[in-house]
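The values are calculated or read from the model by the stated rules, or taken from the named source; none is laboratory data. Please read all numbers here as calculations on a predicted model, not as lab measurements. As a convention, Cβ positions derive from the backbone with ideal geometry for all residues, glycine included, and neighbour counts pool all protein chains shown. The area values use the complete protein model at the heavy-atom level, side chains included, leaving out ligands, DNA and RNA. Shrake-Rupley method; radii C 1.70, N 1.55, O 1.52, S 1.80 Å.
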Amino acid sequence: NSPPTPIWQYGFGKFEPTKRKVKFTAFARFLEGRWQPAKNFPNQKFGYVMLNRDGGHPGTLPEHSAVRRWTAPFDGMVKIEGTLAHPSDQGDGVIGRIVSNQSGELGHWIVHHGKAETTVESCKVKRGDTIDFVAEMGTNPNSDTFQWSPKISAVKVDYGTVAPKKELWSAQTDYDGPQKNSEPLNGWEKYAQVLLLANEFMFVD
């Protein structure tokens, strides 16, 4: 049994307008509170691409944009809110996109030394659908540190679907490192556990 898909995933990729979706690769490393593609940071191949609790940095190529992915745990409608900020007066800013795997691009914002409200009033989702928050460099990756920790709220849960355990998902509050391995025990592991818990093992005469 493979573990369930986490609600939030962290990686890099590229928005493909013709396909109306994001090519996504999950980050392989979690170090010093940030997700990144490899052990070395910055990286010769990927540059400064990373994500942390509050935002991140895109890489040196459009296909190395920083992507924060949310996977819907229910069927219904959601609202998306957040603020994309680019604090530096250097460089040429970043482009933020919100992309649904079903509806394509829901909005995009270009921010340089400022802020933009990234609100999507409503988006239909089915369980397993993804919404990607893509941060791309402008024409160059110089000084592209950004802040963007969106919130997704359940506006409506479809009749007959399983209601989600909560109604608000915050990129900042929910931020976490790798999932703990909680695979169920196989037959031999269960047998060993039963033996270890047996009286004969617990008490030595």
query = Looking at segment 129-147, which of its residues are among the small types (Gly, Ala, Ser) and at pLDDT 95 or above?
reply = Ala135
query = Here are Lys124, Lys180, Lys166: which of them is of a type in the set (Lys, Arg), modelled with pLDDT of 95 or more and out of contact with any helix residue (DSSP H, G or I) (no Cβ under 9 Å at 6 or more places or on another chain)?
reply = Lys124
remark   = For segment 98-112, pairs from a residue that is aliphatic (A, V, I, L, M) to a residue that is surrounded by fewer than 15 Cβ atoms within 10 Å (Cβ to Cβ) and at pLDDT below 95, with Cβ under 9 Å and 6 or more apart or across chains, are Val99/Arg20
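This table checks each residue for (1) open to solvent by 30 Å² or more (accessible area, probe 1.4 Å); (2) of a type in the set (A, V, I, L, M); (3) outside any strand (DSSP E or B).
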site	(1), (2), (3)
Arg127	yes, no, yes
Ile131	no, yes, no
Ala135	no, yes, no
Asn140	yes, no, yes
Asp144	no, no, yes
Ser149	yes, no, yes
Val155	yes, yes, no
Val162	yes, yes, yes
message = Of all residues being part of a strand (DSSP E or B) and touching a Ser or Thr at 6+ places or on another chain (Cβ under 7 Å) in segment 95-115, which is farthest from Phe74 (Cα to Cα)? Just the residue, please.
response = Lys115
ask   = Could you list, in sequence order, the residues of segment 79-94 that are among the charged types (D, E, K, R) and over 16 Å from Phe133 (Cα atoms)?
value = Asp89, Asp92
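Residues checked against (1) in contact (Cβ under 8 Å) with a residue 60 or more places away in the chain; (2) open to solvent by 40 Å² or more (accessible area, probe 1.4 Å):
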position: Val22; (1), (2): yes, no
position: Phe27; (1), (2): no, no
position: Asn43; (1), (2): no, no
position: Gly47; (1), (2): yes, no
position: Pro62; (1), (2): yes, yes
inquiry  = Which count do you get for residues in segment 121-154 that are within 19 Å of Phe15 (Cβ to Cβ), in contact with a Lys or Arg (Cβ under 6 Å, 6 or more places away or on another chain) and among the hydroxyl-bearing types (Ser, Thr, Tyr)?
reply    = 1
task = Name the one entry in Glu32, Glu16 that is open to solvent by 50 Å² or more (accessible area, probe 1.4 Å) and over 12 Å from the mean Cα position of the chain (by Cα).
result = Glu32
